[in-house]
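Contents: one structure, followed by commentary.
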Amino acid sequence: MELVPNFIFITIVSVAIGFFIRSINQIRHNILLGKPIDRSDNAKARWKNMTRIALGQSKMVSRPIAGILHVVVYIGFILINIELLEIIVDGILGTHRIFAPFLGDFYNFLIASFEVLALLVLISVLVFWSRRNIIRIQRFWKDEMKGWPKLDADLILYFEVVLMSLFLTMNGADLAIQTFYPDASHYIKAGSFPVSQFLLPLFENYSLSSLITIERSSWWMHITGILIFLNYLYYSKHLHILLAFPNTFFANLRAKGAFVNNPNVTNEVKLMLDPNADPYASPDTDEDVEKFGASEVTDLNWVQLLNAYTCTECGRCTSECPANQTGKLLSPRKIMMDTRDRLTEVGNNIKSNKGEFKPDGKQLLGDYISHEEIWACTSCNACVEACPVDIDPLSIIMRMREYLVMEESAAPMDLNNMMSNIENNGAPWPFNQQDRANWTKEI
Amino acid sequence: MIRVPTLAECLASGKTPEILFWVGCAGSFDERAKKITKAFVKLLDNAGVDFAVLGAEESCTGDPAKRSGNEFLFQMQAMTNIEVLNAYEVNKIVTTCPHCFNTLKNEYPELGGNYEVIHHTQLLRDLLEEGRITIVEGSFKGKRITYHDPCYLGRANNVYEAPRELIRKLDAELVEMKSCKSRGLCCGAGGAQMFKEPEKGNKDINIERTEQALETKPDIIAAGCPFCNTMLSDGVKNKEKEDSLPVMDLAEMIATAKDL
Ligand code: SF4
Ligand code: SF4
């Protein structure tokens, strides 16, 4: 009988971790539906990027208020998770505060700092919530945020409030037992509670057994809450807490203005320009001809798909976007959200059809992202610059333009005129190339 | 009268100029941008820079085609240009257009075109620092000048300081807009928007940017890109301020300061 809680605990933790691994595998599978792209170069610069941007949060603080609050929640999250280690060991062994005897005073220091952080996290989350729901900062209320994304964002904040409150209640009840019932077995005198000590008056007249009940249920709800949250990630924009790391590692390191040159086009152009070239020497003549650009998630590369899962819907990109600022339909955040939603849909489709995609009459371009959005972009890179986790919505937009022009010939008329001018005159306007140097006669 | 040599002429007389001035389509044909071209050439000439142009052998870099999604046309343009550039053994290129600058610098190497490419504001800064250009009496002294970062110079290539140093060298007061440098707002021309009507919205981007510029109460709006120049000039016209608020390229400002 004694060991029943231990078994329950081990079962809950195993099931939660099992589900979590399944989700991670699904995400991995979906991301790998993308086309290959080599990002194995320059490992040193990549580690540096990741350390600076994901670990060091360097891009977050370009907006100081949100940035600093986010750093608080982030540090709180990481450090309080050290406590999780003890909770898990205690849960498995049926012990209580097992690290305390080993760490002595340092244990008290740790618990004290977790408490302070928990309080700071609570305050930050409160400010975050007000920014969304009272101040109603514009970027949180754009069209693409309606429905689930809005609820998701709030739910995450509520989750954090509940988890932090449970943590503090658990400590408070523990302190009450230690203070009012020093002889209670199992509850050793350990920890230092600078925040939850203020709960002490609340617990003054409680019996030992009610205090134990409060302490235990907080403990159980806290750990189950964390496990539920872990599994909630898969359905949420909150995945960034994990994916920000690989995402910044694999991000583009070249100058932002350097757009990718399509190597298949290079082969074709070389053939056209070199009359002596052997058309059969081209490596991909008998394989099925590569589609130009992207109209579906599977036409994008895996880094672009990783970007989509990493997006935390903060909207910094959209708020810096000149097209969005002037009322155009384009929102770079929506580009990322659409890509993710469609990718999830395609992934689920494949999963439920035994590893094969069953056509569902939809695709990313057209059914999720409209042509109007794609053509409104000025390729200014403001979205890329603004993204705190190095996501590149522009690269997706450019791939879609490539599809529209090269597969569908569906460019706006003005652009077609411009392109035929380049083709015929070597300039985007209808001037004669021979007149290019006329200005030299005017000096 | 300044004689602007072409590379073909140089080759014929056995000369290899130090640097090629890539004029760009706007700089060659657009009436407003041609003024920038001429101002820059006067400065090159004044500083004794050994330069040449391609003349009729120059063709669009392909930037607007690539940004429109026409990768094929872009690469055709690029490879044809690279053939010409490599035949003349060009090593160093300067250009007054950030779009040409970006494309030549970042997108040509993979296709076989490897050159040292600089923007004219960088060259002008170097010439000033080396003392090859001197500004004696600043006709811009004390003027409030706000500088608009072209996306393809700033964010795309991290060139933020060279143009600003030029403004400081003019003894002018540099006033920054609320969004500047890496957070500078686009003028609305990039990504081939220059060549099409904007999508439906509630405002044109160049108007938004012009309003940001006006907030700094400038005497002059400085630009470093022929397309930004057009967009902002249109914005200023829209606000009916074209008589009192000039939009000038940095090359024009320096040429004016030197009375060229
Ligand atoms: S690159 Fe395009 S999507 Fe990104 S901010 Fe600029 S206009 Fe918006
Ligand atoms: S792409 Fe980046 S900046 Fe834009 S919403 Fe997603 S995380 Fe935020």
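The values are calculated or read from the model by the stated rules, or taken from the named source; none is laboratory data. Everything numeric in this text was worked out from a predicted model, so none of it was measured. Please note: Cβ atoms are built from the backbone with ideal geometry, for glycine as well, and neighbour counts cover all protein chains shown. We work out accessible area using only protein heavy atoms, side chains counted, and drop any ligands, DNA or RNA first. Shrake-Rupley method; radii C 1.70, N 1.55, O 1.52, S 1.80 Å.
General remarks:
- Single condition residue A:340 does not satisfy, out of (1) more than 8 Å from ligand 2 (Cβ to nearest atom); (2) within 11 Å of the chain's Cα centre (by Cα); (3) more than 15 Å from residue A:365 (Cα to Cα): (3)
- As a summary of the residue check, residue A:437 satisfies the conditions (1) in contact (Cβ under 8 Å) with a residue 12 or more places away in the chain; (2) farther than 30 Å from residue A:70 by Cα except for the one numbered (1).
- Residue in region B:80-103 that is within 9 Å of chain A (Cβ to nearest Cβ) and in contact with a Lys or Arg (Cβ under 7 Å, 6 or more places away or on another chain) present: no
- Flag: residue A:402 matches the condition of being more than 16 Å from ligand 2 (Cβ to nearest atom), facing chain B (nearest Cβ under 7 Å) and closer than 18 Å to residue B:73 by Cα.
- Residue match in region A:347-362 (condition: within 29 Å of residue A:264 (Cβ to Cβ) and crowded, with 21+ Cβ neighbours inside 10 Å): no
- The set of residues in region B:111-125 being open to solvent by 50 Å² or more (accessible area, probe 1.4 Å) and either aromatic (Phe, Trp, Tyr) or in contact with a strand residue (DSSP E or B) (Cβ under 8 Å, 6 or more places away or on another chain) (or both) consists of B:116 alone.
- Restricting the search to helices (runs of 4 or more DSSP H) fully inside region B:4-62 and requiring at least 3 residues that are more than 9 Å from chain A (Cβ to nearest Cβ) gives B:7-12, B:31-46.
- Pick from region A:429-441, criterion at the interface with another protein chain (Cβ under 7 Å from one of its Cβ atoms) and part of a helix (DSSP H, G or I), ranking: surrounded by the fewest Cβ atoms within 10 Å (Cβ to Cβ): A:434
- Condition check for residue B:229: part of a helix (DSSP H, G or I), more than 11 Å from chain A (Cβ to nearest Cβ) and either open to solvent by 10 Å² or more (accessible area, probe 1.4 Å) or touching a helix residue (DSSP H, G or I) at 6+ places or on another chain (Cβ under 7 Å) (or both): yes
- The single condition from (1) assigned to a loop (DSSP other than H, G, I, E, B); (2) at pLDDT 95 or above that residue B:82 fails is (1).
- Residue in region B:235-247 that is hydrophobic (A, V, I, L, M, F, W, C), within 8 Å of chain A (Cβ to nearest Cβ) and farther than 25 Å from residue B:28 by Cβ present: no
- Test result for residue A:395, more than 10 Å from every other protein chain (Cβ to nearest Cβ), within 30 Å of residue B:58 (Cα to Cα) and within 16 Å of ligand 2 (Cβ to nearest atom): yes
- Flag for residue A:150 being modelled with pLDDT of 95 or more and either among the small types (Gly, Ala, Ser) or open to solvent by 20 Å² or more (accessible area, probe 1.4 Å) (or both): yes
- Residues in region B:234-260 that are acidic (Asp, Glu) and surrounded by fewer than 17 Cβ atoms within 10 Å (Cβ to Cβ): 4 in all.
- In region A:286-329, residue farthest from ligand 2 (Cβ to nearest atom) [restricted to those that are closer than 18 Å to residue A:140 by Cβ and β-branched (Val, Ile, Thr)]: A:318
- Filtering region A:317-335 to residues that are more than 8 Å from ligand 1 (Cβ to nearest atom) and open to solvent by 10 Å² or more (accessible area, probe 1.4 Å) leaves A:319, A:325, A:327, A:328, A:329, A:334.
- Scanning region B:147-183 for residues that are buried (at least 23 other Cβ atoms within 10 Å of the Cβ), at the interface with another protein chain (Cβ under 8 Å from one of its Cβ atoms) and away from ligand 2 (no atom under 16 Å from the Cβ) yields B:151, B:152, B:156.
- Residue check, residue A:40 among the hydroxyl-bearing types (Ser, Thr, Tyr) and under 20 Å from the mean Cα position of the chain (by Cα): no
- Where a residue in region A:358-385 is within 8 Å of chain B (Cβ to nearest Cβ) and its partner, wherever it lies, is of a type in the set (Asp, Glu) and open to solvent by less than 50 Å² (accessible area, probe 1.4 Å), with Cβ under 8 Å and at least six apart: A:372/B:199; A:375/B:199; A:376/B:199; A:382/A:320; A:384/A:390; A:384/A:392; A:385/A:320
- Hey, residue A:379 within 16 Å of ligand 1 (Cβ to nearest atom) and more than 22 Å from residue B:103 (Cα to Cα) or not: no
- Residue under evaluation residue B:62, criteria (1) on the phi > 0 side of the Ramachandran plot; (2) buried (at least 17 other Cβ atoms within 10 Å of the Cβ); (3) touching a residue at least 60 places away in the same chain (Cβ under 8 Å); (4) not polar (S, T, N, Q), criterion not met: (3)
- Odd one out for residue A:207, checked against (1) in contact with a Pro (Cβ under 9 Å, 6 or more places away or on another chain); (2) surrounded by fewer than 16 Cβ atoms within 10 Å (Cβ to Cβ): (1)
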